[in-house]
Amino acid sequence: MDKPKIILITGCSSGIGYTTAQILKKRGHHVIAAARKQADVNRLAEEGFSAVELDLADSQSIRIAVNKILGMTDGKIDALFNNAAFGQPGAVEDLSRDVLRHQFETNLFGTHELTNLLIPVMRTQGHGRIIYNSSVLGLVAMGYRGAYNASKFALEGLADTLRLELYGTNIQVSLIEPGPILSDFRKNAFALYKQHIDPSRSYHQAAYCAIEARLQKEGAAAAFTLPPEAVTNKVIHALEAKRPKIRYYVTFPTYLLVFLKHILPMAWLENLLRKI
């Protein structure tokens, strides 16, 4: 590492964001930890972080946060880790337009708006790193995760296009592709499931019984689940390496499914995905 970097991390209340913020801070970086709830912002500040309130579903919140951040850093920002996201479970035919829009507001639209506000700063200073926390489900779709799949597929396309358009600017764009990681993701997803999905009115009622059991399971719900530090290790490389990678795969299922996507006929791959 040449010198400490100023990095903004979204979604720092727990899980990948919180762990990454802690580790990068210990490595000497100036971490600006963003969270949606003021209580989490207060806790992060008490732990010594430069902490800001940031709700990606609210444009005004994004603009206020960016102004505050640039005020903290004399108008500089070396890197952005777009980590904040959530997953709305449910069969595609059970997702209302409003529910799908809510999924995209945070996972795509807010992330996009925040990134666009910081790109001019990076252009002016002549360098920057933009790191997106995507998912294996942005590369391979799985059933009953349609809203999340769609948001991550869209994020992949947006990030890849941005990389092409930023060529020659010394602003590097990387994607992290985790599989199963220990976090509060399932707990938060179950709350959204209860809020937006009515199994009693769905053709998929039987499938929802298994989904509810998985979402409520304590600990790892899938094989080869890794702790959030596995993602942080990839973020460190994307942040500090002279030549960051375009994509970083995390967990064995990600490597396996990406490999199978490239060698199997689509019908065979979909048959496998239905069984997972």
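Please count how many residues of segment 165-209 are in a helix (DSSP H, G or I), among the small types (Gly, Ala, Ser) and either under 30 Å from Tyr18 (Cα atoms) or under 16 Å from the mean Cα position of the chain (by Cα) (or both).
Of segment 165-209, the ones in a helix (DSSP H, G or I) are 165, 185-196, 199-201, 205-209.
Narrowing further to those that are among the small types (Gly, Ala, Ser): 189, 191, 200, 206-207.
Pick out the ones that are also either under 30 Å from Tyr18 (Cα atoms) or under 16 Å from the mean Cα position of the chain (by Cα) (or both) and you get 189, 191.
Number satisfying all stated conditions: 2.
Within segment 80-100, can you find the residues that are of a type in the set (A, V, I, L, M) and surrounded by 22 or more Cβ atoms within 10 Å (Cβ to Cβ)? Steps first, please.
Taking segment 80-100 and keeping what is of a type in the set (A, V, I, L, M), we get 80, 84-85, 91-92, 95, 99-100.
Hits for segment 80-100 are Leu80, Ala84, Ala85.
Counting only strands (runs of 3 or more DSSP E) wholly contained in segment 2-73, the ones carrying 3 or more residues that are among the hydrophobic types (A, V, I, L, M, F, W, C) and surrounded by 16 or more Cβ atoms within 10 Å (Cβ to Cβ) occupy 6-9, 30-35. If the condition is being of a type in the set (Phe, Trp, Tyr), outside any helix (DSSP H, G or I) and either within 12 Å of the chain's Cα centre (by Cα) or farther than 20 Å from Phe190 by Cα (or both), then segment 94-153 contributes only Tyr132. Only one entry in Leu260, Leu273, Leu256 is under 21 Å from the mean Cα position of the chain (by Cα) and in a helix (DSSP H, G or I), namely Leu256.
Do you know which of the residues in segment 122-141 that are surrounded by fewer than 19 Cβ atoms within 10 Å (Cβ to Cβ) and touching a residue at least 24 places away in the same chain (Cβ under 8 Å) is farthest from Pro4 (Cα to Cα)?
Narrowing segment 122-141 to residues surrounded by fewer than 19 Cβ atoms within 10 Å (Cβ to Cβ): 123-127, 141.
Checking which are touching a residue at least 24 places away in the same chain (Cβ under 8 Å) leaves us with 123, 125-127, 141.
Numbers: Arg123: 19, Gln125: 16, Gly126: 16, His127: 14, Ala141: 38 Å.
For segment 122-141, the residue satisfying everything is Ala141.
Among the residues examined, Phe224 qualifies as farther than 18 Å from Val92 by Cβ, in contact with a Pro (Cβ under 6 Å, 6 or more places away or on another chain), surrounded by 11 or more Cβ atoms within 10 Å (Cβ to Cβ) and among the aromatic types (Phe, Trp, Tyr).
Of the residues making up segment 241-262, those that are surrounded by fewer than 16 Cβ atoms within 10 Å (Cβ to Cβ) and of a type in the set (Phe, Trp, Tyr) are Phe252, Tyr255, Phe259.
For segment 198-221, which residues satisfy the criterion of being loosely packed, with under 13 Cβ neighbours inside 10 Å and either closer than 30 Å to Ile9 by Cβ or not aliphatic (A, V, I, L, M) (or both)? Asp198, Ser200, Arg201, Tyr203, Gln205, Cys209, Gln216, Lys217, Glu218, Gly219 - these are the residues of segment 198-221 that are loosely packed, with under 13 Cβ neighbours inside 10 Å and either closer than 30 Å to Ile9 by Cβ or not aliphatic (A, V, I, L, M) (or both).
Since every read-out is calculated from the coordinates, none of them should be taken as a lab result. Small disclaimer: the values here were computed from a predicted structure and weren't measured. Methodologically, a virtual Cβ is constructed for each residue, glycine included, from the backbone with ideal geometry; neighbour enumeration extends over all protein chains shown.
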